[in-house]
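S.K.: One structure, as structure tokens, below. Some questions next.
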Amino acid sequence: MVIIGAKPGIRVTVQFKAGSLVRISLFSSPDFSLEGCPQEEIETYKAWLQAYAQGQDILLPVSLPKNTFQGNVLRFLQTIPRGSVCSYKDVAKGVGSPRAARAVGNICRGNPFPLLIPCHRVIRSDGEMGQYTPDPSIKRQLLYFEGVTSSKVGTAS
């Protein structure tokens, strides 16, 4: 099922292990997969993906590290609204570590729950897209899908 875009679309794989969400992966492909998803959770994740595809951000609970820089960054990313971007530097300032922009980038790169934790909404201070671990073209497609124009990308601080 293509949930985001048309060509090539973004394949979303939701992976579970022992009944717990382990990772969400994004690929350029027109598929959707729930790997190892407990039967009782399938409809929850399908509904979440459909809501996302229809322009809604629904916060699903995920297990994040408590009282750590990583956990603080991941929680901050969840507050970036759809259609908006901020810089790695902005995120670092937002979590009280203004000189840790590079560390924020590393946390974004290792984000196990893209879309749930929208690290694609973080760009470089110079307004450039920056990288995106699954594929930089997916980042561009997600931002376009969410209504981020190139002029908004060019104005990040």
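The values are calculated or read from the model by the stated rules, or taken from the named source; none is laboratory data. All values reported here derive from a predicted model rather than from experimental measurement. Here Cβ is always computed from backbone atoms with ideal geometry, including for glycine, and neighbour counts include all displayed protein chains.
S.K.: Please indicate, with yes or no, whether at least one residue in the stretch 69-83 is among the charged types (D, E, K, R) and closer than 25 Å to K17 by Cα. Show your work before the answer.
M.R.: Residues of the stretch 69-83 among the charged types (D, E, K, R): 75, 82.
Next, from what is left, pick out any that are closer than 25 Å to K17 by Cα: 75.
Yes, the stretch 69-83 has at least one match.
S.K.: Any chance the stretch 29-42 includes a residue that's modelled with pLDDT under 85, out of contact with any Phe, Trp or Tyr (no Cβ under 8 Å at 6 or more places or on another chain), of a type outside the set (A, V, I, L, M, F, W, C) and closer than 19 Å to E146 by Cα?
M.R.: The answer is yes; a qualifying residue exists.
S.K.: Now for a different question. Residue under question is S157, and the condition is that it be over 25 Å from V14 (Cα atoms), among the polar types (S, T, N, Q), at pLDDT below 85 and touching a helix residue (DSSP H, G or I) at 6+ places or on another chain (Cβ under 9 Å); does it hold?
M.R.: Yes.
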